[in-house]
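The values are calculated or read from the model by the stated rules, or taken from the named source; none is laboratory data. Being a predicted model, the structure only gives us computed values, none of them experimental. Here the Cβ is made from the backbone with ideal geometry for all residues, glycine too, and neighbour counts use every protein chain on show.
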Amino acid sequence: MDCIFCKIIAGEIPSYKVYEDDNVFAFLDIAPVNVGHTLVIPKKHYENMEDISEEELCNLARVVKRIGKSIKEGLGVKGYNININNKEVAGQIVPHLHFHIIPREEGDGLKLWSQGKYNEGEAEKAVNKIKI
Ligand code: 5GP
Ligand code: ZN
């Protein structure tokens, strides 16, 4: 399969490895939002969150939690963002599921999104479509 992240796991493309176990691999993003920006991926190729099982996702999330702590303590930052882009429309460029962990510094200027407000009746309509 012609997947850049599968090639990184296989060592065919070099990376700065942060963590590895039987199922999970983590490495520095080549174009960091901030220094230490890390990507955490399952070794099995899944395109996005929809494709991975809940159990495997939980396993991945456990590692994300540990790396978040390691980033915070190791880099001495106060916090970090965790993000997954699901599908191209949401900004996913590499179609191999990955968590971004982005260390944050006060005043680093990163603005993640702008927020709006609901028109009359819009929230009720939306929640009725979404709720489980
Ligand atoms: P996406 O937009 O798909 O959520 O994020 C993909 C991320 O992968 C981007 O932040 C990009 O910088 C990173 N990336 C793309 N190609 C490579 C690569 O060859 N090596 C590394 N380390 N990161 C990559
Ligand atoms: Zn892959």
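Based on this model, can you work out whether ALA123 counts as of a type in the set (A, V, I, L, M, F, W, C) and more than 30 Å from ILE9 (Cβ to Cβ)? Walk me through how you get there before you give the answer.
Working: of a type in the set (A, V, I, L, M, F, W, C): yes; more than 30 Å from ILE9 (Cβ to Cβ): yes.
Yes; evaluated as a whole, the condition is true for this residue.
With respect to the conditions (1) buried (at least 18 other Cβ atoms within 10 Å of the Cβ); (2) more than 10 Å from ligand 1 (Cβ to nearest atom), PHE5 falls short on a single one, namely (2).
Scanning segment 85-105 for residues that are in a loop (DSSP other than H, G, I, E, B) and either more than 11 Å from ligand 1 (Cβ to nearest atom) or not hydrophobic (A, V, I, L, M, F, W, C) (or both) turns up ASN85, ASN86, LYS87, GLY91, GLN92, PRO95, HIS96, HIS98, GLU105. GLY36: exposed (fewer than 13 other Cβ atoms within 10 Å of the Cβ) and not charged (D, E, K, R), yes or no? For GLY36, the condition - exposed (fewer than 13 other Cβ atoms within 10 Å of the Cβ) and not charged (D, E, K, R) - is not met.
Mind checking whether some residue in segment 73-89 is over 20 Å from GLU47 (Cα atoms) and in contact with a His (Cβ under 7 Å, 6 or more places away or on another chain)? Walk me through how you get there before you give the answer.
First, pick out the residues of segment 73-89 that are over 20 Å from GLU47 (Cα atoms): 73-81.
When the remaining residues are screened for being in contact with a His (Cβ under 7 Å, 6 or more places away or on another chain), the result is none.
No, segment 73-89 contains no residue that is over 20 Å from GLU47 (Cα atoms) and in contact with a His (Cβ under 7 Å, 6 or more places away or on another chain).
Going through segment 11-43 one residue at a time, which ones are near ligand 1 (Cβ under 8 Å from one of its atoms) and of a type outside the set (Asp, Glu)? Of everything in segment 11-43, those that are near ligand 1 (Cβ under 8 Å from one of its atoms) and of a type outside the set (Asp, Glu) turn out to be ILE13, SER15, TYR16, PHE27, LEU28, ILE30, ALA31, PRO32, VAL33, HIS37, LEU39. Each residue in segment 108-132 was checked for being at pLDDT 95 or above and either under 26 Å from LYS65 (Cβ atoms) or of a type in the set (A, V, I, L, M, F, W, C) (or both), and 5 of them qualify.
Name every residue in segment 79-107 that is loosely packed, with under 12 Cβ neighbours inside 10 Å and at pLDDT 95 or above, in order of residue number.
GLU88, VAL89, ALA90, GLY91, ILE93
Within segment 110-129, residues that are within 30 Å of VAL33 (Cα to Cα) sit with their Cβ atoms under 9 Å from residues that are surrounded by 10 or more Cβ atoms within 10 Å (Cβ to Cβ), at 6+ positions apart or across chains, in these pairs: LEU110/VAL33; LEU110/ASN34; LEU110/ASN81; LEU110/ILE102; LEU110/ARG104; LEU112/ASN81; LEU112/ASN83. Segment 1-84 holds strands (runs of 3 or more DSSP E) entirely within its bounds, and those carrying 3 or more residues that are in contact (Cβ under 8 Å) with a residue 12 or more places away in the chain and within 16 Å of the chain's Cα centre (by Cα) map to 24-28, 38-42, 79-83.
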